[in-house]
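The values are calculated or read from the model by the stated rules, or taken from the named source; none is laboratory data. It should be emphasised that the depicted structure is a prediction, and the values quoted were computed from it without experimental measurement. Quick reminder, even Gly has a Cβ in these numbers, built from the backbone with ideal geometry, and neighbours come from all protein chains shown.
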Amino acid sequence: MVSSIDSTSISQYLLSKVSHVIVLEAAKGQRRYNYLQKLLGEVHNIGTKAWLLNCDKTMEGPWAGLKDLLTDILPQVKVQAPDLIVQYDYELTRVLPALRRLISVRYPSLTDIAIEKEQIRNYPADRAFRIIHGIIDFLTAWFERCQIPNLTIICDNYDFSGGLIRIFFAELMRRRSQKLNLNLIIAVSEELSNTVTIKDVIGKFNQDYLQYVSLNLSKKNTLETSVQSLQKIADLAVELEEHLKDDLIEQEIHLPRLIQYLLNSDQPFKALKYQIKAAAIYNRKGFYEDGLASALDALEQLKRYCPQDIDKRWLIDSMLYTSYVALDKPLEAFEVMEQAMHRINNPEDLFSGCFMMAMLYIRELEEKDITKAESYLERGLQELSRCDLSPELKLFQTTFNRNGLALIRYRQGRHQEAIELCQWCYEQVNTFIKPEQHLLYRSVLLFNIAQVYDFTGNYTEAINYFSATIAIDPNYSEYYNLRGNLYFKMGQKENALSDYLKAIELSAPYPEVWANVGQCYRHLGEPQKAVDAYSNSLDLQPHQFSVLVARAQVLEILGEVKKSLADYSAALKIDSNQPFVFANRAVLHYEAGRYQDALNDLNQAIALSPETADLYQNRAIAFTALARDSEAKQDLETYLQKSISTQ
């Protein structure tokens, strides 16, 4: 529950509290900033290391605020802990693109380095969340080495922050606020916009640790609107535009600022092409929420200034499709593409549109329609025949289309046909396209074959194709995780563990692989290592039912009954329709002499699974311990009846 504190005592409040988030509500502008600067000084004076960050993404991009924090501490890290920069190179260069000029990422995948015309795969949305957790681990390691006793971060313009930043600070506070003695102050406007609510801003934080402060600062409009100021902004835009030119790193850093300059100049229509470029960059990086926002902004600009520009509209629609699909919004993606297909007339665009529609029908929409999916692919081939393309490019696009058909065959259960289609595509690419070209696509074709073999239970062939895929794209961590799953199914736990650990080495942290490591250690007879791995997974994503249950079971083996009970209870809060989890917890209650608690759990288990005979036998034991012999006798009779009926 959100509570209030006095604005004059924030710094003193921070002396006695940690792991708190203070929401400071006041009118945006210089007066609020001056107050935050004063507060920053007060916090420093009480012996707390503190930062004041500007989280306004409209000027600084999706990582606004965080990138300033990292920029401030990295020079010291470089001198005192350069190993941390190496260890977290991928995450740091994602947030600070300029770092790519200074350090080389150790494990770039083909998805990272493929040239634009060969970029046929975007990252899954959870990749961005892994970056967030990697940066949290980086900051934790650094602050622990510095042995700073208390930390405070002040975020101005938090209501103008991006989705990734809100997740970052919420996860930082959840995972590490206690360990780092960290408090967070977020400044928001008194009146939020029509599209942003206070729930959007603070909803991801633990509501038990939220404090509320309201400042009565008079509003002062500092926005210049004179012709002279418009010219000044236009000059800044021209200067920045000249600076960016074709420098992709500088574009990634400064496009938001350039867009804002242009929108506030006397030539706002010039912002459109940069909004489109920004959307493309964010989608390629896997920052889909920001990609979607940029594409929607571009769409509004296009409607206002050049509504008849079909080519630009198609670019925007394509990026909207990509963002919506990645964000698991297939209906929105379908609406965009269905309308787009009525507008475009270029055969090359129609070919791409047909493929997108086919993928919606076969993969994304809840109600699949195989017939329509295949129809769109066949229409796509017809449009391709009308395209004025080189023979090599036309062949590549043909194989791309047939790879889509392979997915349809796979979904139809025609697995051998799916495999043969993928193999034909791979052979065509190998025969007619230069060996150094389209490596990413080649790896995807082999990966698709591996998936089909996995589904059919031919794990040996699946592993062979995964290994061939890895040979082409050796730094894509997901491949190792998936091949590890196959080794695990085959009982080759050591090989599985090796692949899982390799996946962890190659990627920013993600919970699935740590859970898999835990499973391996559990089956290899190393329960403490299993608990540690499960704990790593739950640290990254705490609400995982199956991982909580798995850790509870291993903790039970280790004799850590209280911790095991806590995990069973946490799992049941996530899903209370699990009779065998109630039964497992009942055993622990019984062994601790809490017979009534054991009985309560067994009652729940039987209510959920009344045909399971063993539950009645267990409840009979609980009844006996409570001296309720007649009920125990009745349950034993029920146990015998149900046991006989199932034989």
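Do the conditions hold for Ile186, that is, is it modelled with pLDDT under 85 and in the same structural domain as Ala64 (by TED's automatic domain parsing)?
no
Failed condition for Gly413, given (1) assigned to a helix (DSSP H, G or I); (2) not assigned by TED's automatic domain parsing to the domain that holds Lys273, with all others met?
(1)
Failed condition for Ser104, given (1) among the polar types (S, T, N, Q); (2) in a loop (DSSP other than H, G, I, E, B); (3) buried (at least 18 other Cβ atoms within 10 Å of the Cβ), with all others met?
It is condition (3) that Ser104 fails.
Where the second residue is of a type in the set (S, T, N, Q) and crowded, with 19+ Cβ neighbours inside 10 Å and the first is in a helix (DSSP H, G or I) and lies in the stretch 153-182, which pairs have Cβ atoms under 8 Å and are six or more apart or on separate chains?
Filtered contacts from the stretch 153-182: Asp159/Ser189; Ser177/Asn183.
Between residues in the stretch 619-632 that are without any contact (Cβ under 8 Å) to a residue 24 or more places away in the chain and under 12 Å from Ala598 (Cβ atoms) and residues that are small (Gly, Ala, Ser) and part of a loop (DSSP other than H, G, I, E, B), which pairs lie under 9 Å by C-beta distance while being six or more apart or on different chains?
Sorted first by the residue in the stretch 619-632, then by its partner, the list stays empty.
Among (1) closer than 30 Å to Ala627 by Cα; (2) of a type in the set (D, E, K, R); (3) without any contact (Cβ under 8 Å) to a residue 24 or more places away in the chain, there is one condition Glu556 misses while meeting the rest; what is its number?
If we test Glu556 against (1) closer than 30 Å to Ala627 by Cα; (2) of a type in the set (D, E, K, R); (3) without any contact (Cβ under 8 Å) to a residue 24 or more places away in the chain, just (3) comes out false.
Which of the residues spanning the stretch 590-603 are surrounded by fewer than 21 Cβ atoms within 10 Å (Cβ to Cβ) and touching a helix residue (DSSP H, G or I) at 6+ places or on another chain (Cβ under 7 Å)?
Listed by number, the residues that qualify are Tyr590, Ala592, Tyr595, Asp597.
Of the conditions (1) out of contact with any Phe, Trp or Tyr (no Cβ under 6 Å at 6 or more places or on another chain); (2) part of a helix (DSSP H, G or I); (3) closer than 22 Å to Arg409 by Cβ; (4) not small (Gly, Ala, Ser), Leu384 fails just one. Which one is it?
(1)
Could you name every one of the helices (runs of 4 or more DSSP H) located completely within the stretch 283-380 that has at least 1 residues being free of Cβ contacts under 8 Å to residues at least 60 places away in the same chain and over 29 Å from Gln412 (Cβ atoms)?
288-305, 310-326, 330-343
Given the criterion surrounded by 21 or more Cβ atoms within 10 Å (Cβ to Cβ) and in contact with an Asp or Glu (Cβ under 9 Å, 6 or more places away or on another chain), identify the matching residue among Ser323, Ser294.
After applying the criteria, what remains is Ser323.
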